[in-house]
Amino acid sequence: MVKICCLGAGYVGGPTMAVIALKCPSIEVVVVDISQPRIAAWNSDTLPIYEPGLDEVVKECRGRNLFFSTDLEKHVSEADIIFVSVNTPTKTRGLGAGKAADLTYWESAARMIADVSKSDKIVVEKSTVPVKTAEAIEKILMHNSKGINFQILSNPEFLAEGTAIKDLFNPDRVLIGGRETPAGQKAIQALSDVYAHWVPQDRIIATNLWSAELSKLAANAFLAQRISSVNAMSALCEATGADVAEVAHAVGKDTRIGPKFLNASVGFGGSCFQKDILNLVYICECNGLPEVANYWKQVIKINDYQKNRFVNRVVSSMFNTVSGKKIAILGFAFKKDTGDTRETPAIDVCKGLLGDKARISIYDPQVTEDQIQRDLSLNKFEWDHPVHLQPMSPTTVKQASVVWDAYSATKDAHGICILTEWDEFRNLDFQKIFDNMQKPAFVFDGRNIVDAEKLRQIGFIVYSIGKPLDSWLKDMPAVA
Ligand code: NAD
Ligand code: UGA
(Lines give C-alpha, C1' and ligand atoms only; values in the text may rest on other atoms or scores of the structure.)
(Ligands and ions follow the chains in the order given, each with its own letter.)
Protein backbone atom coordinates (compact mmCIF):
# COMPACT_ATOMS: atom_id res chain seq x y z
CA MET A 1 0.00 0.00 0.00
CA VAL A 2 1.33 3.44 -0.98
CA LYS A 3 1.57 5.69 2.08
CA ILE A 4 1.14 9.44 1.90
CA CYS A 5 1.86 11.83 4.75
CA CYS A 6 0.97 15.51 4.58
CA LEU A 7 2.64 18.07 6.86
CA GLY A 8 0.13 20.85 7.56
CA ALA A 9 -3.56 20.25 8.24
CA GLY A 10 -4.79 23.63 7.04
CA TYR A 11 -7.08 24.93 4.31
CA VAL A 12 -4.98 23.16 1.68
CA GLY A 13 -3.59 20.08 3.45
CA GLY A 14 -6.93 19.01 5.00
CA PRO A 15 -9.25 19.16 1.96
CA THR A 16 -6.59 18.04 -0.56
CA MET A 17 -5.66 14.95 1.40
CA ALA A 18 -9.29 14.14 2.17
CA VAL A 19 -10.05 14.10 -1.56
CA ILE A 20 -6.97 11.98 -2.35
CA ALA A 21 -8.11 9.50 0.33
CA LEU A 22 -11.64 9.47 -1.08
CA LYS A 23 -10.54 8.93 -4.67
CA CYS A 24 -7.73 6.47 -3.88
CA PRO A 25 -9.01 3.88 -1.39
CA SER A 26 -5.84 1.85 -1.90
CA ILE A 27 -3.63 4.65 -0.55
CA GLU A 28 -3.22 5.43 3.16
CA VAL A 29 -3.21 9.16 3.82
CA VAL A 30 -2.12 10.65 7.14
CA VAL A 31 -2.30 14.40 7.74
CA VAL A 32 -0.06 15.65 10.52
CA ASP A 33 0.32 19.05 12.14
CA ILE A 34 2.28 20.69 14.97
CA SER A 35 -0.97 22.24 16.18
CA GLN A 36 -2.63 19.81 18.57
CA PRO A 37 -6.01 21.67 18.65
CA ARG A 38 -6.17 21.64 14.86
CA ILE A 39 -5.66 17.87 14.70
CA ALA A 40 -8.18 17.37 17.50
CA ALA A 41 -10.71 19.36 15.47
CA TRP A 42 -10.05 17.28 12.33
CA ASN A 43 -10.77 14.19 14.45
CA SER A 44 -14.00 15.68 15.84
CA ASP A 45 -17.48 16.38 14.49
CA THR A 46 -16.63 20.08 14.07
CA LEU A 47 -13.89 20.35 11.47
CA PRO A 48 -11.49 23.28 11.86
CA ILE A 49 -12.51 24.82 8.54
CA TYR A 50 -15.85 25.42 6.89
CA GLU A 51 -15.93 24.27 3.28
CA PRO A 52 -19.04 23.06 1.45
CA GLY A 53 -18.91 19.28 0.92
CA LEU A 54 -15.86 18.75 3.13
CA ASP A 55 -17.72 17.13 6.06
CA GLU A 56 -19.12 14.41 3.80
CA VAL A 57 -15.72 13.58 2.27
CA VAL A 58 -14.00 13.43 5.66
CA LYS A 59 -16.79 11.34 7.20
CA GLU A 60 -16.52 8.82 4.39
CA CYS A 61 -12.78 8.17 4.67
CA ARG A 62 -11.69 9.14 8.20
CA GLY A 63 -10.60 6.01 10.02
CA ARG A 64 -10.65 4.03 6.73
CA ASN A 65 -7.64 5.37 4.82
CA LEU A 66 -7.58 8.96 6.10
CA PHE A 67 -6.03 9.80 9.46
CA PHE A 68 -5.13 12.98 11.34
CA SER A 69 -2.28 12.87 13.83
CA THR A 70 0.27 14.91 15.77
CA ASP A 71 2.85 12.13 15.55
CA LEU A 72 4.81 13.79 12.76
CA GLU A 73 7.95 11.70 12.97
CA LYS A 74 6.26 8.31 12.86
CA HIS A 75 4.13 9.09 9.82
CA VAL A 76 6.85 10.93 7.94
CA SER A 77 9.26 8.04 8.41
CA GLU A 78 6.67 5.52 7.18
CA ALA A 79 5.53 7.50 4.12
CA ASP A 80 6.52 7.02 0.48
CA ILE A 81 5.24 10.43 -0.58
CA ILE A 82 5.37 13.46 1.75
CA PHE A 83 3.35 16.57 0.91
CA VAL A 84 4.44 19.76 2.63
CA SER A 85 1.55 22.17 3.01
CA VAL A 86 2.72 24.40 5.83
CA ASN A 87 2.41 28.19 6.17
CA THR A 88 4.64 30.34 3.99
CA PRO A 89 3.86 33.79 5.45
CA THR A 90 5.27 37.14 4.41
CA LYS A 91 8.40 37.97 6.41
CA THR A 92 7.73 40.58 9.08
CA ARG A 93 11.34 41.39 9.92
CA GLY A 94 14.86 41.15 8.57
CA LEU A 95 15.91 40.90 4.94
CA GLY A 96 12.92 41.23 2.61
CA ALA A 97 10.51 42.14 5.45
CA GLY A 98 7.01 42.97 4.15
CA LYS A 99 7.61 41.14 0.87
CA ALA A 100 9.70 37.97 0.93
CA ALA A 101 8.26 34.60 1.92
CA ASP A 102 9.18 33.41 5.40
CA LEU A 103 10.28 29.82 4.91
CA THR A 104 10.84 29.07 8.61
CA TYR A 105 8.06 26.48 8.76
CA TRP A 106 9.06 24.92 5.45
CA GLU A 107 12.68 24.66 6.49
CA SER A 108 11.87 23.07 9.83
CA ALA A 109 9.61 20.58 8.04
CA ALA A 110 12.45 19.72 5.63
CA ARG A 111 14.94 19.28 8.45
CA MET A 112 12.58 16.98 10.30
CA ILE A 113 12.03 14.90 7.15
CA ALA A 114 15.80 14.58 6.72
CA ASP A 115 16.24 13.58 10.37
CA VAL A 116 13.61 10.87 10.62
CA SER A 117 13.67 9.30 7.15
CA LYS A 118 15.06 5.80 6.81
CA SER A 119 13.88 5.07 3.25
CA ASP A 120 13.69 6.87 -0.11
CA LYS A 121 10.99 9.52 -0.30
CA ILE A 122 9.26 11.81 -2.74
CA VAL A 123 8.86 15.23 -1.10
CA VAL A 124 6.14 17.35 -2.67
CA GLU A 125 5.95 21.13 -2.34
CA LYS A 126 2.26 21.82 -1.92
CA SER A 127 2.69 25.17 -0.19
CA THR A 128 3.13 28.17 -2.46
CA VAL A 129 6.84 28.96 -2.39
CA PRO A 130 9.29 31.31 -4.10
CA VAL A 131 10.71 29.98 -7.34
CA LYS A 132 13.92 28.01 -6.63
CA THR A 133 12.76 26.87 -3.17
CA ALA A 134 13.10 23.26 -4.29
CA GLU A 135 16.82 23.86 -4.70
CA ALA A 136 17.15 25.01 -1.10
CA ILE A 137 15.00 22.14 0.16
CA GLU A 138 17.05 19.67 -1.84
CA LYS A 139 20.22 20.98 -0.20
CA ILE A 140 18.75 20.54 3.29
CA LEU A 141 17.57 17.02 2.51
CA MET A 142 20.71 15.87 0.69
CA HIS A 143 23.04 17.39 3.24
CA ASN A 144 21.41 15.42 6.01
CA SER A 145 20.58 12.23 4.17
CA LYS A 146 22.23 8.99 5.12
CA GLY A 147 22.34 7.55 1.61
CA ILE A 148 18.62 8.12 1.27
CA ASN A 149 17.31 9.32 -2.09
CA PHE A 150 14.93 12.27 -1.92
CA GLN A 151 13.13 13.47 -5.03
CA ILE A 152 11.58 16.94 -4.77
CA LEU A 153 8.47 17.74 -6.76
CA SER A 154 6.54 20.98 -7.04
CA ASN A 155 2.80 20.37 -7.10
CA PRO A 156 1.17 23.74 -6.36
CA GLU A 157 -2.47 23.85 -5.35
CA PHE A 158 -4.97 25.96 -7.29
CA LEU A 159 -8.14 25.39 -5.25
CA ALA A 160 -10.15 28.41 -4.17
CA GLU A 161 -11.80 28.50 -0.76
CA GLY A 162 -15.53 28.06 -0.67
CA THR A 163 -15.27 25.79 -3.73
CA ALA A 164 -12.32 23.67 -2.60
CA ILE A 165 -14.04 20.30 -2.89
CA LYS A 166 -15.51 21.10 -6.29
CA ASP A 167 -12.11 22.37 -7.48
CA LEU A 168 -10.33 19.28 -6.16
CA PHE A 169 -12.84 16.89 -7.73
CA ASN A 170 -12.61 18.62 -11.08
CA PRO A 171 -9.37 20.61 -11.36
CA ASP A 172 -8.62 22.68 -14.49
CA ARG A 173 -5.15 21.20 -14.26
CA VAL A 174 -2.79 19.42 -11.91
CA LEU A 175 0.73 20.74 -12.26
CA ILE A 176 3.73 18.61 -11.37
CA GLY A 177 7.26 19.93 -11.69
CA GLY A 178 10.31 17.75 -11.19
CA ARG A 179 13.96 17.27 -12.05
CA GLU A 180 14.70 16.43 -15.67
CA THR A 181 16.58 13.26 -14.67
CA PRO A 182 15.36 9.64 -14.88
CA ALA A 183 14.76 9.64 -11.10
CA GLY A 184 12.94 12.98 -11.33
CA GLN A 185 10.72 11.72 -14.15
CA LYS A 186 9.97 8.54 -12.20
CA ALA A 187 8.85 10.63 -9.23
CA ILE A 188 6.61 12.76 -11.48
CA GLN A 189 5.06 9.54 -12.76
CA ALA A 190 4.45 8.24 -9.23
CA LEU A 191 2.59 11.42 -8.22
CA SER A 192 0.78 11.58 -11.53
CA ASP A 193 -0.47 8.00 -10.88
CA VAL A 194 -2.10 9.22 -7.66
CA TYR A 195 -4.04 11.99 -9.42
CA ALA A 196 -4.85 9.72 -12.38
CA HIS A 197 -7.33 7.93 -10.08
CA TRP A 198 -9.77 10.73 -10.93
CA VAL A 199 -8.12 13.46 -13.02
CA PRO A 200 -8.07 12.96 -16.82
CA GLN A 201 -4.54 12.47 -18.11
CA ASP A 202 -4.64 15.53 -20.37
CA ARG A 203 -5.16 17.75 -17.32
CA ILE A 204 -2.03 16.49 -15.58
CA ILE A 205 0.81 18.73 -16.73
CA ALA A 206 4.46 17.89 -16.16
CA THR A 207 7.08 20.67 -16.22
CA ASN A 208 10.46 21.42 -14.80
CA LEU A 209 10.61 22.43 -11.13
CA TRP A 210 11.04 26.16 -11.67
CA SER A 211 8.17 26.45 -14.14
CA ALA A 212 5.83 24.74 -11.69
CA GLU A 213 6.89 26.96 -8.79
CA LEU A 214 6.63 30.13 -10.85
CA SER A 215 3.33 29.16 -12.52
CA LYS A 216 1.62 29.21 -9.13
CA LEU A 217 2.79 32.74 -8.35
CA ALA A 218 1.97 33.81 -11.91
CA ALA A 219 -1.56 32.37 -11.80
CA ASN A 220 -2.39 34.20 -8.56
CA ALA A 221 -0.86 37.42 -9.90
CA PHE A 222 -2.93 37.20 -13.11
CA LEU A 223 -6.13 36.53 -11.16
CA ALA A 224 -5.55 39.39 -8.73
CA GLN A 225 -4.60 41.66 -11.61
CA ARG A 226 -8.02 41.13 -13.20
CA ILE A 227 -9.73 42.23 -9.99
CA SER A 228 -7.52 45.29 -9.64
CA SER A 229 -8.19 46.12 -13.30
CA VAL A 230 -11.96 46.01 -12.86
CA ASN A 231 -11.73 47.83 -9.53
CA ALA A 232 -9.64 50.58 -11.14
CA MET A 233 -12.39 50.86 -13.78
CA SER A 234 -15.00 51.05 -11.02
CA ALA A 235 -13.52 54.34 -9.79
CA LEU A 236 -13.67 55.75 -13.30
CA CYS A 237 -17.24 54.50 -13.72
CA GLU A 238 -18.33 56.39 -10.61
CA ALA A 239 -16.67 59.53 -11.96
CA THR A 240 -18.26 59.26 -15.40
CA GLY A 241 -21.68 57.68 -14.91
CA ALA A 242 -20.69 54.38 -16.56
CA ASP A 243 -21.80 51.14 -14.84
CA VAL A 244 -18.95 48.76 -14.02
CA ALA A 245 -21.19 45.68 -14.36
CA GLU A 246 -22.10 46.72 -17.90
CA VAL A 247 -18.48 47.47 -18.74
CA ALA A 248 -17.30 44.13 -17.29
CA HIS A 249 -20.02 42.29 -19.20
CA ALA A 250 -19.11 43.97 -22.47
CA VAL A 251 -15.38 43.42 -21.95
CA GLY A 252 -15.83 39.81 -20.81
CA LYS A 253 -17.82 38.93 -23.92
CA ASP A 254 -14.56 39.08 -25.84
CA THR A 255 -13.61 35.41 -25.84
CA ARG A 256 -9.96 36.37 -25.52
CA ILE A 257 -10.75 38.03 -22.18
CA GLY A 258 -13.60 35.85 -20.88
CA PRO A 259 -16.28 36.67 -18.29
CA LYS A 260 -14.87 35.24 -15.05
CA PHE A 261 -13.21 37.16 -12.22
CA LEU A 262 -14.46 40.56 -13.32
CA ASN A 263 -16.66 41.41 -10.34
CA ALA A 264 -15.80 44.81 -8.95
CA SER A 265 -15.60 44.74 -5.16
CA VAL A 266 -14.40 46.51 -2.06
CA GLY A 267 -11.08 44.76 -2.77
CA PHE A 268 -9.73 41.25 -2.90
CA GLY A 269 -8.79 39.43 0.27
CA GLY A 270 -7.69 35.94 1.18
CA SER A 271 -4.50 34.45 2.45
CA CYS A 272 -2.66 34.29 -0.84
CA PHE A 273 -3.13 36.99 -3.47
CA GLN A 274 -1.31 39.74 -1.59
CA LYS A 275 1.28 37.41 -0.08
CA ASP A 276 2.10 35.76 -3.38
CA ILE A 277 2.32 39.01 -5.35
CA LEU A 278 4.59 40.55 -2.70
CA ASN A 279 6.69 37.44 -2.98
CA LEU A 280 6.79 37.78 -6.78
CA VAL A 281 7.75 41.44 -6.45
CA TYR A 282 10.61 40.50 -4.13
CA ILE A 283 11.87 37.80 -6.49
CA CYS A 284 11.83 40.30 -9.37
CA GLU A 285 13.78 42.82 -7.31
CA CYS A 286 16.32 40.17 -6.31
CA ASN A 287 16.74 39.27 -9.96
CA GLY A 288 17.44 42.89 -10.95
CA LEU A 289 14.04 43.46 -12.58
CA PRO A 290 12.65 46.60 -10.87
CA GLU A 291 10.30 47.45 -13.77
CA VAL A 292 8.66 44.04 -13.55
CA ALA A 293 8.49 44.34 -9.76
CA ASN A 294 6.79 47.74 -10.00
CA TYR A 295 4.29 46.45 -12.54
CA TRP A 296 3.02 43.77 -10.15
CA LYS A 297 3.26 46.02 -7.08
CA GLN A 298 0.60 48.20 -8.69
CA VAL A 299 -1.95 45.35 -8.37
CA ILE A 300 -1.60 45.57 -4.58
CA LYS A 301 -1.61 49.38 -4.60
CA ILE A 302 -4.93 49.49 -6.49
CA ASN A 303 -6.37 46.98 -4.01
CA ASP A 304 -5.34 49.17 -1.08
CA TYR A 305 -6.70 52.21 -2.93
CA GLN A 306 -10.05 50.46 -3.42
CA LYS A 307 -10.41 49.66 0.29
CA ASN A 308 -9.48 53.24 1.27
CA ARG A 309 -11.82 54.64 -1.35
CA PHE A 310 -14.68 52.64 0.17
CA VAL A 311 -14.00 53.92 3.70
CA ASN A 312 -13.70 57.48 2.42
CA ARG A 313 -17.00 57.12 0.58
CA VAL A 314 -18.74 55.97 3.77
CA VAL A 315 -17.33 58.79 5.87
CA SER A 316 -17.85 61.57 3.32
CA SER A 317 -21.44 60.49 2.60
CA MET A 318 -22.31 60.66 6.27
CA PHE A 319 -21.50 64.36 6.65
CA ASN A 320 -17.77 63.70 6.76
CA THR A 321 -17.84 62.01 10.13
CA VAL A 322 -18.84 58.65 11.53
CA SER A 323 -17.73 59.51 15.03
CA GLY A 324 -20.14 57.90 17.52
CA LYS A 325 -22.35 56.60 14.71
CA LYS A 326 -23.34 52.97 14.58
CA ILE A 327 -22.27 51.24 11.37
CA ALA A 328 -23.44 47.69 10.70
CA ILE A 329 -20.93 45.45 8.98
CA LEU A 330 -22.60 42.62 7.11
CA GLY A 331 -20.04 39.97 6.27
CA PHE A 332 -16.50 39.64 7.57
CA ALA A 333 -15.15 36.58 5.70
CA PHE A 334 -13.01 37.39 2.64
CA LYS A 335 -15.62 35.77 0.36
CA LYS A 336 -18.84 33.82 0.78
CA ASP A 337 -19.01 30.15 1.75
CA THR A 338 -15.93 30.26 3.93
CA GLY A 339 -15.26 31.24 7.52
CA ASP A 340 -11.76 32.37 6.54
CA THR A 341 -10.91 35.98 7.36
CA ARG A 342 -7.27 36.08 6.36
CA GLU A 343 -6.53 39.47 4.70
CA THR A 344 -10.27 40.06 4.35
CA PRO A 345 -11.00 43.61 3.13
CA ALA A 346 -13.38 43.82 6.11
CA ILE A 347 -10.38 44.20 8.43
CA ASP A 348 -9.15 47.33 6.64
CA VAL A 349 -12.64 48.77 6.29
CA CYS A 350 -13.42 48.20 9.99
CA LYS A 351 -10.06 49.61 11.08
CA GLY A 352 -10.66 52.64 8.83
CA LEU A 353 -14.10 53.27 10.34
CA LEU A 354 -12.85 52.67 13.87
CA GLY A 355 -10.06 55.16 13.11
CA ASP A 356 -12.83 57.70 12.50
CA LYS A 357 -14.39 56.67 15.85
CA ALA A 358 -17.39 54.79 14.48
CA ARG A 359 -19.15 52.18 16.61
CA ILE A 360 -19.34 49.04 14.52
CA SER A 361 -21.61 46.05 14.86
CA ILE A 362 -20.50 43.04 12.86
CA TYR A 363 -22.44 40.03 11.65
CA ASP A 364 -21.05 37.15 9.61
CA PRO A 365 -22.79 33.77 9.42
CA GLN A 366 -19.50 31.81 9.69
CA VAL A 367 -17.00 33.89 11.63
CA THR A 368 -16.77 33.78 15.41
CA GLU A 369 -16.47 36.79 17.69
CA ASP A 370 -13.09 35.60 18.92
CA GLN A 371 -11.78 35.48 15.36
CA ILE A 372 -13.07 38.95 14.53
CA GLN A 373 -11.57 40.48 17.68
CA ARG A 374 -8.31 38.69 16.95
CA ASP A 375 -8.27 40.04 13.37
CA LEU A 376 -8.96 43.59 14.48
CA SER A 377 -6.15 43.52 17.02
CA LEU A 378 -3.40 41.63 15.13
CA ASN A 379 -0.68 43.46 13.24
CA LYS A 380 -0.16 43.08 9.49
CA PHE A 381 0.99 39.57 8.42
CA GLU A 382 0.83 38.25 12.04
CA TRP A 383 -2.14 36.06 11.18
CA ASP A 384 -0.17 33.81 8.86
CA HIS A 385 1.53 31.75 11.52
CA PRO A 386 0.37 28.49 13.13
CA VAL A 387 -2.54 29.33 15.46
CA HIS A 388 -0.77 28.16 18.60
CA LEU A 389 2.06 30.64 17.91
CA GLN A 390 -0.31 33.62 17.70
CA PRO A 391 -1.25 35.78 20.73
CA MET A 392 -3.54 33.72 22.98
CA SER A 393 -6.18 36.22 23.99
CA PRO A 394 -6.47 39.16 21.67
CA THR A 395 -7.29 42.51 23.17
CA THR A 396 -10.94 43.30 22.55
CA VAL A 397 -11.57 46.26 20.32
CA LYS A 398 -14.14 48.09 22.46
CA GLN A 399 -15.86 49.96 19.63
CA ALA A 400 -16.55 46.72 17.74
CA SER A 401 -19.34 44.38 18.77
CA VAL A 402 -20.16 41.08 17.12
CA VAL A 403 -23.76 39.92 16.87
CA TRP A 404 -25.51 36.84 15.55
CA ASP A 405 -27.94 38.20 12.98
CA ALA A 406 -28.21 40.96 10.43
CA TYR A 407 -31.27 42.53 12.10
CA SER A 408 -29.53 43.15 15.43
CA ALA A 409 -26.44 44.42 13.64
CA THR A 410 -28.49 46.99 11.72
CA LYS A 411 -30.86 48.03 14.56
CA ASP A 412 -30.46 51.77 15.26
CA ALA A 413 -27.55 51.91 12.81
CA HIS A 414 -26.85 54.97 10.70
CA GLY A 415 -25.32 52.98 7.88
CA ILE A 416 -24.74 49.44 6.61
CA CYS A 417 -21.59 48.19 4.86
CA ILE A 418 -21.96 44.92 2.96
CA LEU A 419 -18.48 43.41 2.81
CA THR A 420 -19.08 39.73 1.95
CA GLU A 421 -21.46 38.47 -0.73
CA TRP A 422 -23.27 35.92 1.48
CA ASP A 423 -26.47 34.76 -0.30
CA GLU A 424 -28.57 35.48 2.80
CA PHE A 425 -27.83 39.22 2.48
CA ARG A 426 -29.68 39.30 -0.86
CA ASN A 427 -32.91 38.18 0.80
CA LEU A 428 -32.98 40.34 3.92
CA ASP A 429 -36.18 42.22 4.77
CA PHE A 430 -34.78 45.66 3.96
CA GLN A 431 -38.07 47.42 4.78
CA LYS A 432 -37.86 46.06 8.33
CA ILE A 433 -34.18 47.04 8.50
CA PHE A 434 -34.95 50.56 7.23
CA ASP A 435 -37.72 51.01 9.77
CA ASN A 436 -35.31 50.20 12.61
CA MET A 437 -32.45 52.44 11.45
CA GLN A 438 -31.51 56.09 12.07
CA LYS A 439 -32.35 58.41 9.17
CA PRO A 440 -31.06 59.14 6.65
CA ALA A 441 -30.26 55.43 6.33
CA PHE A 442 -27.30 54.44 4.17
CA VAL A 443 -26.31 51.19 2.46
CA PHE A 444 -22.76 50.88 1.12
CA ASP A 445 -22.67 47.74 -0.96
CA GLY A 446 -19.07 46.58 -1.28
CA ARG A 447 -20.10 43.52 -3.27
CA ASN A 448 -22.87 44.83 -5.50
CA ILE A 449 -25.38 42.24 -4.33
CA VAL A 450 -28.44 44.28 -3.34
CA ASP A 451 -31.08 45.64 -5.70
CA ALA A 452 -30.12 49.30 -5.31
CA GLU A 453 -33.28 50.63 -7.01
CA LYS A 454 -35.54 48.63 -4.69
CA LEU A 455 -33.65 49.92 -1.67
CA ARG A 456 -33.89 53.50 -2.91
CA GLN A 457 -37.64 53.08 -3.20
CA ILE A 458 -37.71 52.04 0.46
CA GLY A 459 -35.84 55.25 1.31
CA PHE A 460 -32.19 54.19 1.62
CA ILE A 461 -29.31 56.18 0.20
CA VAL A 462 -27.38 53.50 -1.64
CA TYR A 463 -23.78 53.32 -2.79
CA SER A 464 -22.78 50.45 -5.08
CA ILE A 465 -19.21 50.00 -6.31
CA GLY A 466 -18.70 51.43 -9.80
CA LYS A 467 -22.36 52.30 -10.41
CA PRO A 468 -23.88 55.66 -11.30
CA LEU A 469 -23.99 57.66 -8.07
CA ASP A 470 -27.02 58.55 -6.02
CA SER A 471 -27.56 62.35 -6.17
CA TRP A 472 -26.82 62.50 -2.41
CA LEU A 473 -23.41 60.94 -2.99
CA LYS A 474 -22.65 63.18 -5.96
CA ASP A 475 -23.02 66.17 -3.69
CA MET A 476 -20.58 64.69 -1.19
CA PRO A 477 -17.58 63.63 -3.27
CA ALA A 478 -15.14 61.34 -1.53
CA VAL A 479 -11.46 62.23 -1.50
CA ALA A 480 -9.55 59.18 -2.70
P1 NAD B 1 -2.91 27.09 7.00
O2 NAD B 1 -2.33 28.10 7.91
O3 NAD B 1 -4.37 26.88 6.99
O4 NAD B 1 -2.25 25.65 7.30
C5 NAD B 1 -0.89 25.45 7.50
C6 NAD B 1 -0.72 24.44 8.63
O7 NAD B 1 0.65 24.05 8.69
C8 NAD B 1 -1.08 24.97 10.01
O9 NAD B 1 -2.10 24.16 10.58
C10 NAD B 1 0.24 24.87 10.81
O11 NAD B 1 0.03 24.54 12.17
C12 NAD B 1 0.95 23.76 10.06
N13 NAD B 1 2.41 23.73 10.22
C14 NAD B 1 3.29 24.77 10.26
N15 NAD B 1 4.55 24.30 10.37
C16 NAD B 1 4.46 22.94 10.41
C17 NAD B 1 5.42 21.90 10.51
N18 NAD B 1 6.73 22.16 10.57
N19 NAD B 1 4.98 20.61 10.53
C20 NAD B 1 3.65 20.34 10.46
N21 NAD B 1 2.69 21.28 10.35
C22 NAD B 1 3.09 22.57 10.33
O23 NAD B 1 -2.40 27.44 5.54
P24 NAD B 1 -3.07 27.04 4.14
O25 NAD B 1 -4.11 28.03 3.76
O26 NAD B 1 -3.41 25.58 4.15
O27 NAD B 1 -1.84 27.30 3.18
C28 NAD B 1 -0.71 26.44 3.16
C29 NAD B 1 0.10 26.75 1.92
O30 NAD B 1 -0.72 26.52 0.75
C31 NAD B 1 0.55 28.20 1.82
O32 NAD B 1 1.83 28.22 1.21
C33 NAD B 1 -0.45 28.83 0.88
O34 NAD B 1 0.11 29.91 0.17
C35 NAD B 1 -0.77 27.69 -0.06
N36 NAD B 1 -2.11 27.75 -0.70
C37 NAD B 1 -3.22 28.10 0.01
C38 NAD B 1 -4.48 28.10 -0.61
C39 NAD B 1 -5.72 28.48 0.15
O40 NAD B 1 -6.77 28.58 -0.47
N41 NAD B 1 -5.69 28.70 1.44
C42 NAD B 1 -4.59 27.70 -1.93
C43 NAD B 1 -3.45 27.33 -2.63
C44 NAD B 1 -2.21 27.35 -1.99
C1 UGA C 1 -7.32 32.19 -4.91
C2 UGA C 1 -7.27 31.56 -6.31
O3 UGA C 1 -8.54 31.74 -6.95
C4 UGA C 1 -6.93 30.07 -6.24
O5 UGA C 1 -6.79 29.54 -7.55
C6 UGA C 1 -5.63 29.90 -5.45
O7 UGA C 1 -5.32 28.53 -5.30
C8 UGA C 1 -5.76 30.53 -4.08
O9 UGA C 1 -6.09 31.94 -4.24
C10 UGA C 1 -4.50 30.50 -3.29
O11 UGA C 1 -3.42 30.38 -3.84
O12 UGA C 1 -4.66 30.65 -2.10
P13 UGA C 1 -9.10 32.24 -2.94
O14 UGA C 1 -8.23 33.33 -2.42
O15 UGA C 1 -9.47 31.13 -2.05
O16 UGA C 1 -8.40 31.57 -4.21
O17 UGA C 1 -10.47 32.85 -3.49
P18 UGA C 1 -10.86 33.68 -4.82
O19 UGA C 1 -12.13 33.16 -5.30
O20 UGA C 1 -9.75 33.75 -5.78
O21 UGA C 1 -11.14 35.14 -4.23
C22 UGA C 1 -10.08 35.96 -3.77
C23 UGA C 1 -10.62 37.34 -3.44
O24 UGA C 1 -10.96 38.05 -4.63
C25 UGA C 1 -11.90 37.33 -2.60
O26 UGA C 1 -11.85 38.35 -1.65
C27 UGA C 1 -12.99 37.59 -3.62
O28 UGA C 1 -14.14 38.18 -3.06
C29 UGA C 1 -12.28 38.55 -4.55
N30 UGA C 1 -12.85 38.60 -5.91
C31 UGA C 1 -12.86 37.48 -6.69
C32 UGA C 1 -13.33 39.81 -6.40
O33 UGA C 1 -13.31 40.84 -5.71
N34 UGA C 1 -13.86 39.84 -7.68
C35 UGA C 1 -13.88 38.73 -8.48
O36 UGA C 1 -14.35 38.84 -9.63
C37 UGA C 1 -13.38 37.52 -7.96
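The values are calculated or read from the model by the stated rules, or taken from the named source; none is laboratory data. Fair warning: this is a prediction, and the values are worked out from it, not measured in the lab. Neighbour counts run over all protein chains shown; Cβ positions are idealised from the backbone, glycine included.
Here are a few things to note about the model shown:
- Failed criterion for T321 (all others in (1) closer than 27 Å to P468 by Cα; (2) surrounded by 19 or more Cβ atoms within 10 Å (Cβ to Cβ); (3) hydroxyl-bearing (S, T, Y) hold): (2)
- Counting residues in the range 281-302 that are closer than 22 Å to T341 by Cβ, polar (S, T, N, Q) and touching a residue at least 40 places away in the same chain (Cβ under 8 Å) gives zero.
- Condition met for V230 (closer than 30 Å to N436 by Cβ, away from ligand 1 (no atom under 16 Å from the Cβ) and surrounded by 19 or more Cβ atoms within 10 Å (Cβ to Cβ)): no
- Only one entry of R342, R374 meets the criterion of being at pLDDT below 95, surrounded by fewer than 24 Cβ atoms within 10 Å (Cβ to Cβ) and either touching a Pro at 6+ places or on another chain (Cβ under 9 Å) or not in a loop (DSSP other than H, G, I, E, B) (or both), and that entry is R374.
- Qualifying residues in the range 90-111 (those that are buried (at least 19 other Cβ atoms within 10 Å of the Cβ) and within 13 Å of ligand 1 (Cβ to nearest atom)) - the one nearest to Q274 (Cα to Cα): T90
- Checking each residue in the range 248-266 for being exposed (fewer than 15 other Cβ atoms within 10 Å of the Cβ) and among the aliphatic types (A, V, I, L, M) picks out A250, I257.
- Residue match in the range 92-107 (condition: in contact with a strand residue (DSSP E or B) (Cβ under 6 Å, 6 or more places away or on another chain) and either in the same structural domain as A21 (by the TED database) or not β-branched (V, I, T) (or both)): no
- So L175, is it under 30 Å from K336 (Cβ atoms) and either more than 20 Å from the chain's Cα centre (by Cα) or in a strand (DSSP E or B) (or both): yes
- Flag set for V12, criterion: surrounded by 17 or more Cβ atoms within 10 Å (Cβ to Cβ) and either closer than 30 Å to L280 by Cα or within 16 Å of ligand 2 (Cβ to nearest atom) (or both).
- Flag for G446 being within 16 Å of ligand 2 (Cβ to nearest atom) and in contact with a helix residue (DSSP H, G or I) (Cβ under 9 Å, 6 or more places away or on another chain): yes
- V31 assigned by the TED database to the domain that holds F169, within 14 Å of ligand 1 (Cβ to nearest atom) and under 29 Å from D193 (Cβ atoms): yes
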